[in-house]
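The next block holds one structure in the form of structure tokens; read it before the comments.
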């Protein structure tokens, strides 16, 4: 957890039950949390709140996580923003693509308990 | 739920592939190429037969052409003789004609060279019996020697040889001879008289030394042209008979005549025999040779000329008539056509097969894509709700929702564990599906096997201590391997967790690693419940669980060992088991050092 201004986290997740759980968890831990339900919304929200970390789901309607990464441009425009790709799919091709586009971590949602998620967010932010 | 997954699995991943294979053997492609083959062969046969038939036609045409040519040649030769005679008629019409003027006339024609076949060219004088004496004296004057008319048997009109060229010993002896005395000559002479046309005699013998004639009979012909008194009426036979004064004649042996006709003709393989009248060896007028072929083709042509019938008989073999290439044409056609049809057959089959392959490939790709989609969907749809539960229950358990009573915590923990189990099951099944779909690729790296083993043991240590089971490692200190670390870890962890599951408190799990030759042997031995001998074969099968006293208490879909074995097989290794019910089990992983 940060001391000064709380870090801003954008959760991009189409499944309401999960995005609610994650935002509740992260808010409890003291982060400023914004939520988007698809890639397009994510771009808008990202412009608004300028997050330091994005928890990005891959399979979403309207615009997928991969397309979001392409549009968001982590290599130049938004260098420095951390992205944890968070998915319940384990398609190697997608994972590789995400890393290529600048993602920092990849984790399977099913394996991450709340505590593990928090640890991961913390370590990623300071990396 | 397991049943449903099993069915889904079977339907999409196993049977479809089999079905695909069965219907696509290349024998199904055969009909079209075979049809093509038969069609082309049929066309070829037709073409070859047509060619063969046309060869016959060509041969017949060739022969016909030759026959036509020969007929013209013969005709024109005879016609030229007739013209010669007509010329003579002109001279013989004049009252002043004598042997000298005749000789002069004849020499202008250069008979020897222009008409080499002509034996004699002369004039007959037609006299009544009462005029014979005065005729004799006239002739004697002309020839400056006594001339007699012989024989004297004729009581009607005589036709006496008056002039004859060339004047040889033999021919001059015939001067005064009454040609009417010989029936064959008389017939022709009188026909000429009656018809006012050139007449050709039947085959006859020329007047020669009788002894020679007997030994060497040479068939010959004499051609006669009538000479009438000038300005006489010639409308009827009687009038002509009244008006007849002389006959101009040419004589020639038939052999010489026809030889001169066909001089320069190329008879290559064709044998011509000409018969005067009927076809029999007696009446043979000309022969170019005898056909050696016992079964030749024969064609005949009858020719009517100047009152005589000649039969041209051709004997030939097709081989001689047509050129070699012409003859072989039907065979060439057949061979080339057959070759072509087979080439076409193969080409068609090959192109159909490659098209089939491509379509199979495409369908396999489609199937793979569908499988991928299914896998992705399954993983997402199955995992999402379970993840939700994990987060919320997890948050309560991990203190993010305020205090909980120990009992609440205990219940929630049980719920959380149950959910974790579900997530594991989903994971195993999906992994299984990937293996079956052939989509697991080994990601080989160099790593230390011993290090991995020790790490896994450490991870399970907490669990082991809680269950009061002692895990111990014995074996080589370092083991460099080139393999998929993630997979090997899965295998080892599976064996280790099984050992812990099926061992009672106070029990012991011994992990040993050794290098035997070029193979690593990793043994996980426990002194737990063991596996009965009759159940051992079922251990590594998919979806089977051995019923044992512990089954009710422990989790597991029965995919663990099946998966582990598969993963080891992918590494060209294996897993073996030694077990005794009630004593314990030892699972040994075999991994080749180099693959």
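Every number in this text was worked out from the coordinates using simple rules, so none of it is lab data. Bear in mind the structure is a predicted one, so any value in this text is a computation, not a measurement. Cβ: placed from backbone, ideal geometry, glycine included. Neighbour counts: every protein chain shown.
Helix B:132-143 against the longest principal axis of chain B: what's the angle in degrees, Cα atoms only, rounded to the nearest 10?
Orientation of helix B:132-143: about 80 degrees from the principal axis.
How much FRET efficiency would the formula 1/(1 + (r/R0)^6) give for residue B:324 and residue B:357, where r is the Cβ-Cβ distance and R0 is 41 Å, rounded to 0.05?
Here the calculated transfer efficiency is 0.30.
Summarise the partner chain shielding of A:18-29 as one whole number: the mean count of Cβ atoms from other chains within 10 Å of each residue's Cβ.
Averaged over the peptide's residues, the number is 3.
Kindly provide the helix-only [θ] at 222 nm of chain B, computed as the sum of -39,500 (n - 2.57) over DSSP H runs of four or more divided by all residues, to the nearest 500 deg cm²/dmol?
After summing the helix terms and dividing by residue count, I get -17000 deg cm²/dmol.
Assuming a viscosity of 1.567 mPa s and a temperature of 4 °C, what translational diffusion coefficient in µm² per second does Stokes-Einstein assign to segment B:224-290, Rh being the Kirkwood radius over Cα pairs?
85
From zero up to wherever the largest Cα-Cα distance of chain A sits, split into 5 Å bins and tell me the percent of pairs in each.
Percent of pairs per bin, in order: 2, 11, 24, 27, 22, 11, 2, 0.
Taking neighbour counts of Cβ atoms within 10 Å as a proxy for exposure, in what order, fewest first, do A:75, B:325 appear?
Least crowded to most crowded, the residues run B:325, A:75.
Rounded to the nearest 500 deg cm²/dmol, what is the calculated helix-only ellipticity per residue at 222 nm for chain A, with -39500 (n - 2.57) per DSSP H run of length n ≥ 4?
Using -39500 (n - 2.57) per qualifying helix, the result is -13000 deg cm²/dmol.
Divide, for segment B:95-197, the radius of gyration over alpha carbons by 2.2 N^0.38 Å, where N is the residue count.
Compactness ratio reported: 1.09.
Angle, helix B:406-436 long axis vs. longest principal axis of chain B, Cα atoms, 0 to 90°, nearest 10?
20
What do you get for the angle between helix B:324-397 and the principal long axis of chain B? Use alpha-carbon atoms, 0 to 90 degrees, nearest ten.
So the helix axis and the longest Cα principal axis differ by about 10 degrees.
Give me the one-decimal nm value for the distance between modelled label points at residue A:111 and residue B:101, 7 Å along each residue's Cα-to-Cβ direction.
Computed distance between label sites residue A:111 and residue B:101 equals 14.4 nm.
Can you divide the C-alpha Rg of segment B:37-148 by 2.2 N^0.38 Å and report the result to two decimal places?
Compactness ratio reported: 2.17.
Which residues does a label at residue B:473 reach in segment B:564-595, if reach means a backbone N under 14 Å from a point 7 Å past the Cα toward the Cβ?
It comes to no residues whatsoever.
Counting other beta carbons within 10 Å of each residue's own, what order do B:342, B:177 fall into, fewest first?
Ranking B:342, B:177 by Cβ neighbours within 10 Å, fewest first, gives B:342, B:177.
Nearest-5 percent of antiparallel DSSP beta bridges in chain B?
So the antiparallel bridges in chain B amount to around 90 percent.
Suppose we look only past 24 Å in the calculated P(r) of segment B:230-388. What percent of the Cα-Cα pairs does that tail hold?
Of all Cα-Cα distances in segment B:230-388, 71 percent exceed 24 Å.
Largest first, please: the extent of the C-alpha atoms of segment B:441-592 along each principal axis, to the nearest Å.
In descending order, the Cα extents are 41, 31, 25 Å.
Report the semi-axes of the equivalent ellipsoid for segment B:347-420 in whole Å, largest first, where each axis is √(5λ) for an eigenvalue λ of the Cα gyration tensor.
55, 9, 5
Could you give the C-alpha radius of gyration of chain B expressed as a fraction of 2.2 N^0.38 Å, taking N as the number of residues it contains?
2.48
Taking other Cβ within 10 Å of each residue's Cβ, how do B:287, B:351, B:564 sort, fewest first?
Placing the least packed residue first, the sequence is B:351, B:287, B:564.
Once you order the gyration tensor axes a ≥ b ≥ c over the Cα atoms, which shape class does segment B:385-521 get: rounded for a/c under 1.5, otherwise prolate or oblate by comparing a/b with b/c?
Oblate, since a/c reaches 1.5 and b/c is not below a/b.
For chain A, what does the relative contact order come out to in percent, with C-alpha contacts under 8 Å and a separation of six or more?
22
Semi-axes of segment B:97-265's equivalent ellipsoid from the Cα gyration tensor, sqrt of 5 times each eigenvalue, largest first, rounded to whole Å?
25, 19, 17
What is the average number of partner chain Cβ atoms found within 10 Å of a Cβ in B:383-389?
Mean number of neighbouring Cβ atoms from other chains: 6.
Within 10 Å of each Cβ of B:395-402, how many other protein chain Cβ atoms are there on average?
The shielding value for this peptide is 4.
Take the alpha-carbon positions of the protein assembly as shown, form their convex hull, and give its projected area averaged over all directions (one quarter of the hull surface) in nm².
It is 66.5 nm².
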